[in-house]
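One structure below.
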Amino acid sequence: MKLFSLSVLYKGPTKAHLLKAAYELSSVGYFQRSSVQEVMTFTCGLIVERSPPGCRCSVQEQEYMCHVYIRDDCLSAVAITDTEYPQRVCFSLLDKVLDEFSRQVDDRDWPTGSPETIRFTRLEEYLIKYQNPREVDALTKVQAEVDETKIILARKQNRCCKMM
């Protein structure tokens with residue numbers, strides 16, 4: 001499970017523009033990182049532009065999942081993950097990011113802001129913290145423990161059956 005990027009955008013009347021973004025592209029080849037980052041930024045803007053306010057949706061683009069949440073005030077966040085990353089955890093993260101962003105950044109700055117002018121440093125922290133959804137989400141952690149228990153019990157059952 002991998003979280004590649006977190007972006008905060010403002011959905012304007014005709015175009016969405018990036019306010020802040022963080023990327024974790026260490027799994028991508030060094031010479032491809034800038035191209036992959038550009039594609040991710042473009043895809044985030046395109047998805048926000050084409051989605052209505054109040055929307056929570058997920059779109060698969062090749063081997064990536066783009067999870068978008070656009071609030072009614074047109075502030076939006078996009079998480080790009082691999083296909084294994086839990087959708088529920090993504091939307092919980094996007095909700096937290098937008099709540100904190102709206103508390104720290106004045107809404108008058110949203111329509112004209114840019115990554116250089118917006119001061120919001122928590123995006124990188126969230127990107128690092130949410131790399132392992134089991135550590136930040138109790139339900140995911142419990143589900144992983146249940147899955148591990150099922151595997152152990154299945155192995156023990158197979159051993160018992162072979163002994164008979």
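The values are calculated or read from the model by the stated rules, or taken from the named source; none is laboratory data. Worth saying up front: this structure is predicted, and the values here are computed from it rather than measured. In this analysis, Cβ positions are derived from the backbone assuming ideal geometry, glycine residues included, and neighbour counts consider all displayed protein chains. Note: areas computed on protein heavy atoms with side chains; ligands, DNA, RNA excluded. Shrake-Rupley method; radii C 1.70, N 1.55, O 1.52, S 1.80 Å.
Just a few scattered comments:
- When all protein chains stay in place and ligands, DNA and RNA are ignored, the 1.4 Å accessible-area order of Thr121, Thr43, Thr14, Thr81, largest first, is Thr14, Thr121, Thr43, Thr81.
- Using heavy atoms of the protein chains and a probe of 1.4 Å, the accessible area assigned to Ile128 is about 130 Å².
- Multiplying the residue separation of Val39 and Met1 by 0.36 nm and subtracting their alpha-carbon distance yields 11.7 nm.
- Stretch gain in nm, segment Leu25-Arg88, where the contour uses 0.36 nm per residue and the Cα spacing is subtracted: 20.4 nm
- For Leu19, residues with placed amide H under 5 Å, excluding near neighbours: Val8, Leu9, Tyr10
- Residue-wise HN-Hα coupling along the range 85-97, computed from phi with Karplus coefficients 6.51, -1.76, 1.60 (Hz; x: Gly, Pro): 5, x, 4, 4, 5, 4, 5, 5, 4, 4, 4, 4, 4
- Pairs of Cα atoms nearer than 8 Å and 6+ residues apart set the relative contact order; for the range 3-153 it is 26 percent.
- Positive contributions from Lys and Arg (+1) and negative ones from Asp and Glu (-1), summed over other residues with Cβ under 10 Å from the Cβ of Leu3, come out at 0.
- Area of Glu125 that stays accessible when all protein chains are in place (1.4 Å probe, Å², to 10): 100
- Förster-model FRET efficiency, 41 Å R0, Lys96 and Thr14, C-beta, rounded to 0.05: 0.90
- Look at the alpha carbon pairs under 8 Å that are at least 6 residues apart: their mean separation over the length of the range 60-140 gives a relative contact order of 23 percent.
- Counted charge near Val39, where neighbours are those whose Cβ lies closer than 14 Å (Asp, Glu -1; Lys, Arg +1): -2
- Lys2 sits with roughly 40 Å² accessible to a 1.4 Å probe, with DNA, RNA and ligands left out of the calculation.
- P(r) histogram, all alpha-carbon pairs of the range 1-146 included - 10 Å bins from 0, percent: 12, 44, 34, 9, 1
- The residues of the range 3-153 expose on average 56 square angstrom of accessible surface per residue, using a 1.4 Å probe on protein heavy atoms.
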